[in-house]
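K.L.:
Just passing along the structure, written as structure tokens.
The values are calculated or read from the model by the stated rules, or taken from the named source; none is laboratory data. None of the values given here were measured: they were computed from a predicted structure. Virtual Cβ from ideal backbone geometry, glycine too; neighbours counted across all protein chains shown. Calculation scope for accessible area: heavy atoms of the full protein, side chains included, ligands and nucleic acids excluded. Shrake-Rupley method; radii C 1.70, N 1.55, O 1.52, S 1.80 Å.
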Amino acid sequence: MSAETDDLIAQARAAMAKAYAPYSNFLVGAALRFADGTVITGCNVENASYGLSLCAETVAVAKALSRGRRGELVEVAVVSSGDAIVTPCGRCRQVLNELAALGGTDPMVWCSGADEVRALRLSELLPAAFGPDSLA
Ligand code: THU
């Protein structure tokens, strides 16, 4: 694992510290790295109306798009307060795919647990994805 990836995971952990998860007490942090080196992070944001809760990856992607980012997504890190490796939920895979597809990249997703990290390409997490091109 490169020093850049180590740093990305560290930034996801720092974002996780800001998680608002009083209902599940399951804290999640995500960090997106773009081709120019920019890192944009997110944490999960829960709601008293449980079903309205937002995942860390979705928050990070919304921040990125709202800052004008369109593609060039090269790496993603996801961490949680649990021991097990955390992989993005199905909705987050789709949300990540939208941003990645805009730049035609297949980012590595570093899924962290307490003792190990699993590297999975987004295309492995979401094969045969429906994306912007599917609407053509
Ligand atoms: N969560 C994420 O933030 N990302 C995922 O990919 C999986 C789940 C959050 C949602 C909820 O706030 C908490 O983890 C428990 O499901």
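K.L.:
Here are some conditions: (1) touching a residue at least 40 places away in the same chain (Cβ under 8 Å); (2) touching a strand residue (DSSP E or B) at 6+ places or on another chain (Cβ under 6 Å); (3) not in a helix (DSSP H, G or I). Met1 meets all but one. Which one does it not meet?
P.N.:
Of everything listed in (1) touching a residue at least 40 places away in the same chain (Cβ under 8 Å); (2) touching a strand residue (DSSP E or B) at 6+ places or on another chain (Cβ under 6 Å); (3) not in a helix (DSSP H, G or I), Met1 misses just condition (2).
K.L.:
Residues in region 108-136 that are in a helix (DSSP H, G or I) and more than 18 Å from Ala56 (Cα to Cα): how many?
P.N.:
The total comes to 6.
K.L.:
If a residue has to be under 21 Å from Ala10 (Cβ atoms), open to solvent by 50 Å² or more (accessible area, probe 1.4 Å) and over 11 Å from the mean Cα position of the chain (by Cα) to count, how many in region 75-112 make the cut?
P.N.:
Matching residues across region 75-112 total 4.
K.L.:
Does region 38-56 contain any residue that is among the charged types (D, E, K, R), open to solvent by less than 60 Å² (accessible area, probe 1.4 Å), within 11 Å of the chain's Cα centre (by Cα) and within 16 Å of the ligand (Cβ to nearest atom)?
P.N.:
So far as region 38-56 goes, no, none of its residues is among the charged types (D, E, K, R), open to solvent by less than 60 Å² (accessible area, probe 1.4 Å), within 11 Å of the chain's Cα centre (by Cα) and within 16 Å of the ligand (Cβ to nearest atom).
K.L.:
Moving on. Being among the hydroxyl-bearing types (Ser, Thr, Tyr) and touching a Lys or Arg at 6+ places or on another chain (Cβ under 8 Å) is true for just one of Thr58, Thr5. Which residue is that?
P.N.:
Just one listed residue meets the conditions, Thr58.
K.L.:
Could we say that Gly71 is open to solvent by less than 50 Å² (accessible area, probe 1.4 Å) and at pLDDT below 95 here?
P.N.:
Yes.
K.L.:
Quick check on my filter: what residues within region 86-136 are of a type in the set (S, T, N, Q) and under 20 Å from Gly42 (Cα atoms)?
P.N.:
Thr87, Gln94, Asn97, Ser112
K.L.:
Can you tell me which residues in region 1-26 are crowded, with 16+ Cβ neighbours inside 10 Å and either more than 8 Å from the ligand (Cβ to nearest atom) or modelled with pLDDT under 95 (or both)?
P.N.:
Passing the criteria: Thr5, Leu8, Ile9, Gln11, Ala12, Arg13, Ala15, Met16.
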